[in-house]
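Beneath this line is the structure, given in structure tokens, with notes to follow.
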Amino acid sequence: MTEPSLHRTDLDCRIWEEELEEYIPRRVFDVHTHVYRWGFNTDPNKDASATAAMLGCGFSQADWAALNACDAALMPGREVHRLSFPFPFTPSCDFEASNRFVRDETARDPASSALMLVHPSMTEQYLDEHIRRDGLLGFKPYRFYAMTGDPVECRLTDFLPEHQIRVADRHGLIVMMHLARRNAVADPQNLEDLLRLTDAYPNVKWILAHCARSYSDWVVRRAADTLARLKTVWYDTSSVCEADAILALIEAVGVGRVMYGSDDLPVGAMRGKYIAFARGWAYLSEKNHSLDLSHCDPRMTFTRYEQLRAMRRATSRLGLRPNEIEAIFSGTAEQLIDSVRQPRQDA
């Protein structure tokens, strides 16, 4: 295993001590964490792929020990539990090994839970058997597995077909959904799909990742009226670094539907920030820009810190109370997990 560099600089320490330490509750439930091995990427050309620099060279294994080390370094003094799922390697992935690994690693913490990485080719019977056998609490589909071959403009059921949603509905499972389409949750077809599917399958608990993939506020504001109607949908804040987007989401759906997620490993532990502009967004890192930063301290901090700073600004502007902050960081997620776990234990 190649150990990631989690050394905090003096800048990181100042940001933590001055902006974050008093804000983040002592108990944290992270609903968006990846558990994987680089070896589960079965692409024969993977070492020349875009993900090689991000995963293969610095974060080649995210086991439970690595996640604990990351949280201990970046959020010292916090008790952290997680909802975890495999990394969706593309174009090819060892799904069986990935799901066994996330099951076994997550089992190290009884308070944590895991989701199953799914491919649209998996049958209803296959999913039923694995969910029953492994005790996983839901599914993690991904747009790069879309049956249309278009990971950008695919619709929700192109990579999570309805026979798989039926399994989730039958067992009352969680679906962690990374929306596709250029306008994400503001896209009319995505909203149409969400309205229809939440009505047709009322027992599914949906989590729309990355604030419904809204890295800027206009996306949420355009969809706000519809989002307010989706009572079986929750949202995680993973890797969203714009305070306006988080603020708009909480205003649209209420504090009780929004949960903290880190997107680790590797994103939260990388140095950089997701930035929004016009109708777009992109990841800015120390290595992908040519800006002249001679007028300031040019160093970047962890993406997780930028996300947490954005959460702090958003919740401060909304005037949220301490118990509401605690709900975002743990309470809501724990209630959601318990609502799925308890019926299955009683069955």
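The values are calculated or read from the model by the stated rules, or taken from the named source; none is laboratory data. Everything numeric in this text was worked out from a predicted model, so none of it was measured. We place every Cβ from the backbone using ideal geometry, glycine too, and count neighbours over all the protein chains shown. Keep in mind that these areas ignore ligands, DNA and RNA; they rest on the heavy atoms of the full protein, side chains included. Shrake-Rupley method; radii C 1.70, N 1.55, O 1.52, S 1.80 Å.
Results, tabulated for the structure shown:
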{"read-out": "Per-residue SASA entry for D338, accessible area with 1.4 Å probe, Å² rounded to 10", "value": "80"}
{"read-out": "Average Cα contact separation per residue, the chain, under 8 Å, 6 or more apart, as relative contact order %", "value": "17"}
{"read-out": "Most to least packed among 138-147, 166-175 [average Cβ atoms within 10 Å]", "value": "138-147, 166-175"}
{"read-out": "26 Å Cα-Cα reach of K140 towards lysines, excluding residues that sit fewer than 8 places from it in its own chain", "value": "K46, K205, K231, K273"}
{"read-out": "Protection proxy ranking of 89-100, 119-130 - average other beta-carbon atoms within 10 Å, highest first", "value": "89-100, 119-130"}
{"read-out": "Residues of the range 114-155: accessible area per residue with a 1.4 Å probe, Å²", "value": "41"}
{"read-out": "Solvent-accessible surface (1.4 angstrom probe) belonging to S290, in square angstrom, nearest 10", "value": "120"}
{"read-out": "Cα centroid separation - the range 145-164 against the range 245-324, whole Å", "value": "28"}
{"read-out": "Carbon/sulfur fraction of accessible area - the chain, other protein chains in place, 1.4 Å, %", "value": "49"}
{"read-out": "Accessible area expressed per residue, the range 42-112, with surrounding protein chains retained (probe 1.4 Å, Å²)", "value": "40"}
